[in-house]
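One structure below.
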Amino acid sequence: MAPEAQAFALPAEDLLPIEERRGYGHVLPLIEGNKSYTQVTEEVFSTTEKMPPLKWWLALSVSFSLLLLGAWAVTQTVTRGIGTWGLNRTVGWAFDITNFVFWVGIGHAGTLISAILFLFRQRWRTSINRAAEAMTIFAVMCAGMFPIIHMGRPWLAFWATPYPNTRGSLWVNFKSPLLWDVVAISTYFIISLTFWYLGLVPDLATMRDRAKSKLRKAIFSIFSLGWNGSNRTWSRYETVYMLLAGLSTPLVISVHTIVSMDFATSVIPGWHATIFPPYFVAGAVFSGFAMVLTLMIIARKVMDLEEYITVRHLEAMTKVIIATGMIVGMAYGTEFFMAWYSGNSYERYLFMNRALGPFKWAYWTMVSCNVLIPQLFWIRKVRTTPWMIFILTIFVNIGMWFERFVIIVTSLHRDYLPSSWAMYSPTFIEVAIFLGSFGLFFTCFLIFTRLLPIIAASEVKGVLKHEEH
Amino acid sequence: MRVWKSLGERRGLIKKTKAEFSDELPVGESVRQISRRDFFRFSGVGFAAGLAISCKSKTVEKALPYLNAQEGLTPGAAQWYATTCQGCSASCGVLARSRDGRPVKLEGNPDHPMNRGGLCAIGQAQTRGLYDPARLKQPRMAGQDCDWKTLDADLTARFAEIKAKGGKLRVLSGTLTSPALKAAIQAFLGGFKDGKHVVYDALSCAAIPAAYERTHGTKALPHYRIEEADFILGIEADFLGTWIDPAGFTRSYASHRGPDNPRPMSKHVQAESGMSLTGSNADERIRLAPSEIVPFLESLSAALGTGKPGGELRKELGHKAEALAHELMKHKGSSLVLCGLNELYAQILTARINHLLGNDGKTVDLARPSLQKQGDDRALAAFIKEMSEGQVDAVLVVGANPVYDLPTEFSAAFAKVRLRVSTALTADETAIACTHLAPDHHWLEAWSDAEPVSGTLSLVQPLTNPLFQTRNSLENFLSWSGRPATALEHIREQWRKEVFPRQKTVTDFDTFWNGVLQKGAVQLDGSPSSPAYKEDVNASFRERIATKSRPYELLLMAKVGLGDGRHAFNPWLQELPDPITKMTWDNYLSLSPAAAKGLGLEQGDMAALRPEGLPELALPVLVQPGQDDRTVAVALGYGRKEGGPKDWKTVGSNVYPWRSLASGFLSASSSALQIRRTGGRAELAATQDHHSLEGRELVREMALAPYLRDPASARPHEQPGPSAYSPHPHGKHRWAMVIDLNKCTGCSGCVIGCQVENNIPVVGKEEVARKREMHWMRIDRYYEGSEAEPKVFHQPMLCQQCDNAPCENVCPVLATVHSEEGLNQQVYNRCVGTRYCANNCPYKVRRFNWWSYPTTARSSAWRSIPMSRCAAAASWKNAVSASSA
């Protein structure tokens, strides 16, 4: 067995003193309630085997309604044209690409938690990584929808992929950041899905073993890939998991770097900035963690998982939020500095216009939500009180949506020639598509919580206290 | 017959159920008796009947112009014919491009001596009128469609009746530049005891000929030779936009505006109350109220040595007038003073000033006067009086819409005439008040001729067969005079007799005729003498009308796109952004920033305006920098209600009723104005909302003197920095287009030209308000300096065909690529519509089809082409603005 795997399997009671010795101060337990393996198995898997409760059905009906609303709005867009949106000759992207970048950002946390935290041996990740990864996949699905429907002829979206064709020399433009996007997002989606599925395999085997009906057994037999729990299986599993974690890590950086290049490689003031890749990655982690927290706080409450997703998990994530939030805040400041320092009148005007122009309300919403409000996380009481965290993460979600809106719309609406300056306001269709993306996301997530274990039971068992055994 | 479906059934293992799959078809007895032959018989009859029914409902439409190809005609290759634009009375020479027998595009004829290749927006948009769905398709009598025979028979009988009783018949027309038509009308009127031809112009200049009658004894509109003037003083004359001959004047003006020309650049001073296109191009602009124009002219005249300064004039205007007089004197014989006010005394003063400056015979040509405005407002007033007294038996309206564009007393008087005939192309306001409609051809279908300036003649030749059952007005008058002939025969005959002998270059008529037809125009020989100045200054002074200076004064102007309103149903022109305000699809109440502030009005507010004693109209407010603070300006030509397509919503309000003939000449009411805020706001659809250059060096300019001292001081553009990509390989050819910004006046003819050439859709007011206009080329207009007296810049903005184009790099599907000849091409079929190219275009010239415009608006997008842009090499001309003109 690899030495890493041994460390991974280190019992929790050994870990806590180590962490305290390292100066973490008082450390909250990762899993509360002195659970036995059976208890964990029972509590995690029973949700997938029972009829869902009424509150689940209520939640599903709300999110499915939103999904239907979004589907209607997308149908309107596709059949009638992009004219149903509020875009114009000057502002060619607004809600569509804002939502795209927003969802890609949300989709960042999953892989970051799974892969990077895994590599850094952040053991608190175990309770939340499954749900976070699922969230990534659904968020990337939502994100992927927008570049397709924002096209004037979405039925030809496949032209943006370099597939062999019989149209002679027709090919894609490898100079276009949009093409890089296609590659980056699809790669990210495939790797994230694989990683998530691989992590699920031991739990799928448990589900197979617990299955009562033949059909259920058959299905989970197929998906658990013949898992037998032997040392050899575990060993291979952990090696592959480690490799995949290594493979995913650069993707976390690359995806949002490339998304940022949609803007950074353009010639538009406010977009054309070298700071964009790190700024976007930090922002993505920031928004992704906020969304994970929002979801986890609801899920632990609604699904009685408070003992698995403990305050310690929440606190650890708030620390990531405050760190990335400050990186983002610094980026805002740097942008202004660079605009001034460059001496470029277009850049200077653009940033003054952001802060003081017609969209200043969006800019200051962004600054307050992303830079000012997260400062409250310096207070330990805020970090360890779930409802406070919840409210703050909602602000961060709002702020990060506005960040993308500000970058896209304020840069476009007043660029080089004042003759072409224009305003933008969304139509109902655009808002409906945005709501619909939330509908899609929550519908998928809710179905996931009832179909599969949202806690990685096999991993959680590795961090239990073992005194009683 | 026993049918079995399986072995089990056959052997009796499976019991047959009754209802399902019975062995025999569950049909009635009669059907079962039909034999196979009967079946074929019936279906044969049914098929034939269906065929017969479906054939009957459809008329055969011939879509192919030529069954037998003409010699020398290549399908798809365009042919050019010289003809004469009849969009207004300026009669510019045009070259019409015909494709497969259909006229598709008009260009100015470079060989025409008047416009020399220039063509205005209205001229560019003329092809739309030919294909106008609202055109009358056949004659009409008492509201019923009829054929020409019936109409002719009825009219002949009525004319005979009038002749018999010696009644009065009047032909009322706009300016007709066709000598042949005018002669035919005279011949027709000759048959009547009291027949007269009354001419008026909606945008009247009648005071000018009346003034020259007083000063020079000849009732003529001089031909202003702007190309000969080194110093131009325009006073309320929008000669580059809407006055007399905008395209011709623009051409002449531009010929003198290049610093690199052998002749020095002209100086242009404009004194005006509104902000006109002409004023926006002036080197110096003077703001004055309409009531100050006469005192200003008086001061000018006095400073030049004749007459006395009269009336109250602001001190600074008095000083300006003196300074101008001084400067004008330096350009004796090469200056020109133009006045657009339709007031006799003002025009007498102008004529006098031009005489004092020695401009007669030089920049003011009376020997070969202009025939582009022939209206006689005094005759018109007399005619209306006659009508209202019930003396007139018949009125034939030719090429005019007086019910719409004359003061309201006209319609009341017109109703008293028993026989009312109109030759309008559409059922316009006048036509629906007429008893007989004899629709004329569109000029692209008709033979005619034109004489815009005495001695300069051109031909109008048809580009297509008449689309409908219409008839040339010339043929109308010929047949009503009892000498029916085709227009071609008649014109040829006329030219053989009247025109051919007046030239000596060609000796054979056929050669002469073909030459003119090919070239478009001919200038006749002969040098008539100029009439001499003989003004009685004291008698002139009696014409002075004492005008009261009021807190607000009304200015009724014409807009570049709409002119007098005859083309108000042309969506191209309605959607043309006004060169100054950049507004589309509306007229508005224009106020100076100070006046708007004083009245507590903001742009877009609704305000009601009422000249005392006249109807009130609610109009949206527009704040116009550079406008005089006392002036309230509203555009004419809007509010047309009749003669448009079925679902046309009225655009703007008609302010023609605010004009009167009280002074003897058509002019805006000078009574007190009442302006009040009505509350509520209107959506104004502008293509440009932001008017400042923001201190950006987007328009580069420098004064003439330092440039002439050191032409190298004009800073060239920066060279591009290094690129990560290798430069584009270029083939044998590279395209270039140069726009001479010294000469560009912002007239916007090119905007319509581009729209027509490239089939660019019109999107409508709401979409323009959403900033989704589709014009591939536009004219950006910027103001600089104070709001009260701004400097105006016009900058044509179109695809720059960048060498290292930001739009090309970002397209994921290579739908926009660089051609070997250096153009940015748009591959429509390949475009998926990411709009990234539009975002990344620093000039914001890329246009996206937000809806599927070619099909019904806002219906399916399935056939839409997302990104459109000027791409086809065909529309790019290797054109360098000629500086020789």
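The values are calculated or read from the model by the stated rules, or taken from the named source; none is laboratory data. Here the structure is a predicted model, which means the values were calculated and not measured. For neighbour counting, all protein chains shown are included, and Cβ atoms are generated from backbone atoms with ideal geometry for every residue, glycine included.
Can you say whether A:Pro269 is away from chain B (no Cβ under 14 Å), of a type outside the set (Gly, Ala, Ser) and either in a helix (DSSP H, G or I) or buried (at least 23 other Cβ atoms within 10 Å of the Cβ) (or both), as far as the supplied structure shows? Criteria not met by A:Pro269. Taken across region A:53-65, residues that are more than 14 Å from chain B (Cβ to nearest Cβ), touching a Gly at 6+ places or on another chain (Cβ under 7 Å), surrounded by fewer than 23 Cβ atoms within 10 Å (Cβ to Cβ) and under 22 Å from A:Arg404 (Cβ atoms) do not occur at all. Check every one of the strands (runs of 3 or more DSSP E) wholly within region B:358-466 and list those with 3 or more residues that are more than 20 Å from B:Gly167 (Cα to Cα) and of a type outside the set (D, E, K, R). Qualifying strands (runs of 3 or more DSSP E): B:364-370, B:448-453, B:456-460. Is there a residue being within 14 Å of another protein chain (Cβ to nearest Cβ), without any contact (Cβ under 8 Å) to a residue 40 or more places away in the chain and in a loop (DSSP other than H, G, I, E, B) anywhere in region B:740-761? Taking every residue of region B:740-761 in turn, none turns out to be within 14 Å of another protein chain (Cβ to nearest Cβ), without any contact (Cβ under 8 Å) to a residue 40 or more places away in the chain and in a loop (DSSP other than H, G, I, E, B). Only one of the numbered conditions (1) of a type in the set (Lys, Arg); (2) buried (at least 24 other Cβ atoms within 10 Å of the Cβ); (3) within 14 Å of another protein chain (Cβ to nearest Cβ) is violated by A:Arg153, and that is (2). B:Ala134 falls short on exactly one of the conditions (1) surrounded by 21 or more Cβ atoms within 10 Å (Cβ to Cβ); (2) within 18 Å of the chain's Cα centre (by Cα), and that condition is (1). Looking at B:Pro620, B:Pro645, B:Pro611 in this structure, which one is at pLDDT 90 or above and either away from chain A (no Cβ under 14 Å) or surrounded by 21 or more Cβ atoms within 10 Å (Cβ to Cβ) (or both)? From the options B:Pro620, B:Pro645, B:Pro611, the qualifying one is B:Pro620.
The single residue among B:Leu457, B:Leu474, B:Leu444 that is touching a Gly at 6+ places or on another chain (Cβ under 9 Å), hydrophobic (A, V, I, L, M, F, W, C) and within 19 Å of B:Ser91 (Cβ to Cβ) turns out to be B:Leu444. With respect to being assigned to a helix (DSSP H, G or I), within 28 Å of the chain's Cα centre (by Cα) and not acidic (Asp, Glu), B:Gly241 falls outside the description.
Taking every residue in region A:436-450 that is under 25 Å from A:Asp203 (Cα atoms) and pairing it with any residue that is of a type in the set (Phe, Trp, Tyr), at least 6 positions away or on another chain, the pairs with Cβ-Cβ distances below 6 Å are A:Phe441/A:Phe138; A:Thr443/A:Phe64; A:Cys444/A:Phe138; A:Phe445/A:Phe138.
Could you please let me know if B:Gly721 is modelled with pLDDT under 85, within 14 Å of chain A (Cβ to nearest Cβ) and closer than 30 Å to B:Val768 by Cβ?
no
Of all residues in region B:797-820, those that are within 11 Å of chain A (Cβ to nearest Cβ) and part of a strand (DSSP E or B) total 3. Among the residues making up region B:260-282, those that are assigned to a strand (DSSP E or B) and either within 20 Å of the chain's Cα centre (by Cα) or not polar (S, T, N, Q) (or both) are B:Lys267, B:His268, B:Val269, B:Ala271, B:Glu272. Of the numbered conditions (1) assigned by TED's automatic domain parsing to the domain that holds B:Gln469; (2) free of Cβ contacts under 8 Å to residues at least 60 places away in the same chain; (3) under 30 Å from B:Cys92 (Cα atoms), B:Cys434 satisfies every one except a single condition; which is it? Of everything listed in (1) assigned by TED's automatic domain parsing to the domain that holds B:Gln469; (2) free of Cβ contacts under 8 Å to residues at least 60 places away in the same chain; (3) under 30 Å from B:Cys92 (Cα atoms), B:Cys434 misses just condition (3). Within region A:297-313, residues that are over 16 Å from A:Glu43 (Cβ atoms) have Cβ atoms under 9 Å from residues that are among the aromatic types (Phe, Trp, Tyr) in these pairs: A:Ile297/A:Trp387; A:Ile297/A:Phe390; A:Ile298/A:Phe390; A:Arg312/A:Trp124; A:His313/A:Trp124, counting only partners at least 6 apart in sequence or on another chain.
A quick yes/no check of all residues on (1) surrounded by 15 or more Cβ atoms within 10 Å (Cβ to Cβ); (2) of a type in the set (S, T, N, Q); (3) modelled with pLDDT of 90 or more:
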residue	(1), (2), (3)
A:Ala323	yes, no, yes
A:Ser342	no, yes, no
A:Leu356	no, no, yes
A:Phe359	yes, no, yes
A:Tyr363	yes, no, yes
A:Cys369	yes, no, yes
A:Val382	yes, no, no
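Restricting attention to region A:169-181, which residues are more than 7 Å from chain B (Cβ to nearest Cβ), assigned to a helix (DSSP H, G or I) and not acidic (Asp, Glu)? Scanning region A:169-181 gives a single hit, A:Trp180.
Give region B:832-842 a look and list any residue that's closer than 18 Å to A:Ile82 by Cβ and either more than 7 Å from chain A (Cβ to nearest Cβ) or under 33 Å from the mean Cα position of the chain (by Cα) (or both), or say none. Correct list: B:Cys837, B:Ala838, B:Cys841. Looking at region B:500-545, which of the residues that are in a loop (DSSP other than H, G, I, E, B) and hydrophobic (A, V, I, L, M, F, W, C) is surrounded by the most Cβ atoms within 10 Å (Cβ to Cβ)? In this case the residue turns out to be B:Leu524. Pairing residues of region A:390-413 that are more than 17 Å from A:Val371 (Cβ to Cβ) with residues that are in a helix (DSSP H, G or I) and of a type in the set (Gly, Ala, Ser), at Cβ distances under 6 Å and at least 6 apart in sequence or on separate chains, gives no pairs at all. Across region A:313-354, the number of residues qualifying as more than 20 Å from A:Pro374 (Cβ to Cβ) and not basic (Lys, Arg) comes to 16.
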